[in-house]
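All remarks here apply to the structure that follows.
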Amino acid sequence: MTRLLLLASMLASLLSVWAGSAWSQPLLDWSPEEIRTVGQHGPWPPPPVRDPSNRVSGTAAGVALGERLFSEARLSGDGRMSCATCHQAGREWSDGLAKARGSVELDRRTPSLWNIGYLHWFGWDGAGDSLWAQSIRPLLDPREMNGGPTRAAELLRGDATLACGYEKAFGRKPGADDEQLMVDTAKALAAFQATLVSPRAPFDDFRDALVAGDRDVAARYPVAAQRGLKLFIGTANCNLCHLGPRFTSGEFGDIGIPFFVRPGEVDPGRLAGLGRLVVNPFNLLGKYNDDETGNNTRRTRHVQRQHTNFGEFRVPGLRQVGRGGPYMHNGSVPTLEDVVKHYSEVSPDRLHSDGVPLVRPLALTTEQSADLVAFLRSLDAEPPVRPAPPALCP
């Protein structure tokens, strides 16, 4: 009996040691400066955002109407395409394709909508200065939904449920002005999209524990991810562009991706986007801006179009990055490992000569590349199951 008790005690001790090693790993040394830098990438999630140029932004009725319209194929000219056709919840609010349907926007990839409400420029080239203005573009584009003002207006006036939802959101019945109803449709769509905030990821638990000085919790973060994070904020200097809790500056850069689309055709990126922005009747300088103070027009009013913008594209956020390939604005890089390889081997000759160089070949070792990928994947998490959309009019 004594021998059995001894064996049981030894087995319990072994299991305890095994469990501890399974959940705790060595915590690397982190300097005060590194901890401050890591801390700047949180906390997550940030407070909800409201767009003052959009009267229904942040309102329950506006979000409910927008969610219903997001999956509404009747907004398209042929009744076959909705916003959800390309921005799919099960594919990280993108479509998993290297090129968007219809070769829209010079063969660009459909961007993810995660955390889009926190941006101040929209689209790969920043041609939109509000989320609702950006939401108008596919409604009008003949290569996408090709619905235009008439389809949106007829839908809001003709569908009793949508008309009721519209009245709840905007405080008036759908009127006779087709263009106004299209803009209101886009504003409801934007209100919904702004609620798409990515879930907390393993990095966030590590970040919070490291800042709080909780070594036990911080030590649960994989060592490879720790090494990758040190690279990210250190010698690789990735956080020069991928900064803050969203891991993006929201601005634009040339990272050495070829801008030739096909023989004789190039994608000028931000340079062309700024040209479209200033002539867009739906920009923040136009009559549909709901912010009467005009405070939100400064960025649009003062942005300058320069030749150095040629070949620049918006810096994407990195949350959920490991779940959302292919990568780059044109979908030309298939895997996350290939993204890291690109930055390790990028040729300075591919950078636009008039721009300010933002990248340099990192010349990473095999282990460093794997560590960086491990860190990037720690920004991923399984999104919770979305509840059914609320009824517009019970």
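Any read-out appearing in this document is the output of simple, stated calculations on the displayed coordinates, not a laboratory observation. Since we're looking at a predicted model, the values are computed, not measured. Counting neighbours? That spans all protein chains shown, and the Cβs are built from the backbone with ideal geometry, glycine included.
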> Ordered by packing density, taken as the mean number of other Cβ atoms within 10 Å over each peptide's residues, highest first, how do 118-129, 214-225 rank?
Replying inline: 118-129, 214-225
>> Residue by residue through the stretch 216-222, what is 3J(HN,Hα) from phi via Karplus (6.51 cos²θ - 1.76 cosθ + 1.60, θ = phi - 60°)? Round to whole Hz and write x for glycine and proline.
In response: 5, 6, 4, 6, 6, 6, x
> In whole angstrom, how far apart do the alpha carbon centroids of the stretch 137-162 and the stretch 235-268 sit?
Replying inline: 33 Å
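Where both partners of a DSSP beta bridge lie in the chain, what percent of those bridges are antiparallel, to the nearest 5?
Details: 7 of 8 bridges.
Of those bridges, close to 90 percent are antiparallel.
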>> I want the local charge near Q88. Using Cβ-Cβ distances under 13 Å, sum +1 for each Lys or Arg and -1 for each Asp or Glu among the other residues.
In response: +2
> Quick one: length gained pulling S71 to T335 fully straight, 0.36 nm per residue minus the C-alpha distance?
Replying inline: 92.2 nm
> Taking H as built 1.01 Å from N, whose amide H comes closer than 5 Å to the amide H of R220, not counting residues under 5 places away?
Replying inline: Q25
>> Between R220 and C164, what's the calculated FRET efficiency when r is the beta-carbon distance and R0 is 35 Å? Round to 0.05.
In response: 0.10
>> Give me a comma-separated list of calculated 3J(HN,Hα) values for the stretch 120-128, in order, Karplus coefficients 6.51, -1.76, 1.60 applied at θ = phi - 60°, integers in Hz, x for any Gly or Pro.
In response: 10, 10, 10, x, 4, 10, x, 6, x
> What is the set of long-range amide H partners of Y327 at a cut-off below 5 Å, with H atoms built 1.01 Å from backbone N?
Replying inline: S332, V333
> Under the definition of Cα pairs under 8 Å and six or more residues apart, what whole-number percent is the relative contact order of the chain?
Replying inline: 23 percent
>> Skipping prolines and chain starts, which residues have an amide H placed within reach, meaning under 5 Å, of the one on V261, given they are 5 or more residues away or on another chain?
In response: V266, D267
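Do the alpha carbons of any pairs in K99/K341; K99/K187; K187/K341 sit beyond 31 Å of each other, and which pairs? Present the calculation step by step, with values, prior to reporting the outcome.
Details: K99/K341 21 Å; K99/K187 26 Å; K187/K341 40 Å.
In this structure, K187/K341 exceed 31 Å between Cα atoms.
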> Taking θ as phi - 60°, what are the ³J(HN,Hα) couplings along the stretch 154-167 by the Karplus curve (6.51, -1.76, 1.60), each to the nearest whole Hz, with x for Gly and Pro?
Replying inline: 4, 5, 5, 7, x, 9, 4, 5, 5, 4, 5, x, 4, 4
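With all distinct Cα pairs included, what does the Kirkwood hydrodynamic radius of the chain come out to in Å, to one decimal, could you say?
Details: mean 1/r = 0.0434 Å⁻¹.
Answer for the chain: a Kirkwood hydrodynamic radius of 23.0 Å.
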